[in-house]
Every structure is written in structure tokens, then in C-alpha cells.
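Data first, discussion second: the structure below is written as C-alpha cells.
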Amino acid sequence: MELDSQEWSTVAEYSNADGDIPWTSEHLNIKAYAMDKVFKIRFHAMGVNSIDILSWFVDNIHVYRTCDAPTELTADYNYQPVGIELNWTEPETDDIDEWIHWDDGVNAGNSIGTGAAVEFDVAARWEPAQLAVYEGASVTEIAFFPAEVQCTYNVRVWIGAGAANMVVDQNVPSRSLASGTM
């Protein structure tokens, strides 16, 4: 399931068409909507007879995450160096931790020289089919090779059909330029 961060997904609906809804405690599993994604939560009350939605309260909202525990935990006393050695099998995860790029990731040492101040954009684009194996992953870092420290750099990320929705427009602080990674 592909979720665009600009779209809302309904996870539960309630109706007062048949009368009042008694006080209830709800637990909704939103893992498919939230895991490894930026997500939003909203409560939306609407209806034909909206006047009947008086006193519709939502409180004590808790958003929490549970993690799978390690298994096969063992502890052994180790005489050299003195201490207790813990061993375990970590839970399996679907985490993706890798760089994607069009080249080999090594700076070729060349840059665009204009001889004067100029504004231009440079982009790398991937089609949805190329990113299918990364479903559910997040962009956490972007690397580039800045050629001029006195320039102003912005990183922008678009998503959706034809890159219709800009979801990030972030200035790169000058302290980040030393590494080229933000």
C-alpha cells in the first residue's frame, strides 16, 4: 500500500445515526500507516445532522510503539576481562539502511563554473517502480558535494505522480557543508 504523506487514511468510522455512542475505549493498530513514515492523526466529526455531534469528545490520546524483543538471551560470567557477557538474537526487521544513487558515490572533482552569481537547480529523480523495493522506508540523509562554501544550498524532496507534492524544502546549514551530508 503506497501512502502519500499529503493524503489522509481513514482507520475507523463511527455513526450516531442509530443514537448516542456510549463512552468507549478504542485501540487502533496504525502500524501500516505509521511504521517508518511521517504520519498525521486527526479526528474528524461530520454528518448530515451535525448538530447531533454535540459533546463529541476525544481525550487521553496515546500513540505508542511496541518493539519486538530479542530472543535467546544468555548471560555468561567472563573472567578476562572481568564482567558479564550478554548474548542474544536480535529480532528481524524490515529496516533499510543503504544509499541509492545514480553514480558510484565518489566525487569526480569537477563542478559547474559560472564565473558569477547564478541560481540553478540540480536533481536526481527515481520513478516509483525503481523505488518499489524501498516501500515503507524514509529518506533520512542526503549527500552531495558542495563546490562553493559561500553558496546557499537547499534540499528539496517531491513525491507523488509527476513529483506533484513537495514535502521537504530545507536550507542546508553551513556547518553541514563540511561533510556534504545532511
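With a Förster radius of 41 Å applied to the C-beta separation of Asn78 and Ala163, the computed FRET efficiency comes to 0.15.
Length available on full extension from Glu13 to Asp97: 0.36 nm per residue minus the Cα-Cα distance, which gives 26.6 nm.
Were the residues from Asp121 through Phe144 laid out at 0.36 nm apart, the gain over their Cα-Cα distance would be 7.0 nm.
Given 0.36 nm per residue, what is the gain on full extension from Trp23 to Val106 after removing their alpha carbon distance, in nm? Kindly include the intermediate steps, with their values, before the conclusion.
Working: separation 83, 0.36 × 83 = 29.88 nm, distance 6.00 nm.
Stretched out fully, the Trp23 to Val106 stretch lengthens by 23.9 nm.
Each Lys or Arg adds one and each Asp or Glu takes one away; over the other residues whose Cβ falls under 11 Å from the Cβ of Thr71, this sums to -4.
Taken together, the values in this text are just the output of simple stated rules run on the coordinates, not laboratory data. All of these numbers come straight from a predicted model, not from anything done at the bench. Positions of Cβ are generated from backbone atoms using ideal geometry, with glycine treated the same way; all protein chains shown enter the neighbour counts.
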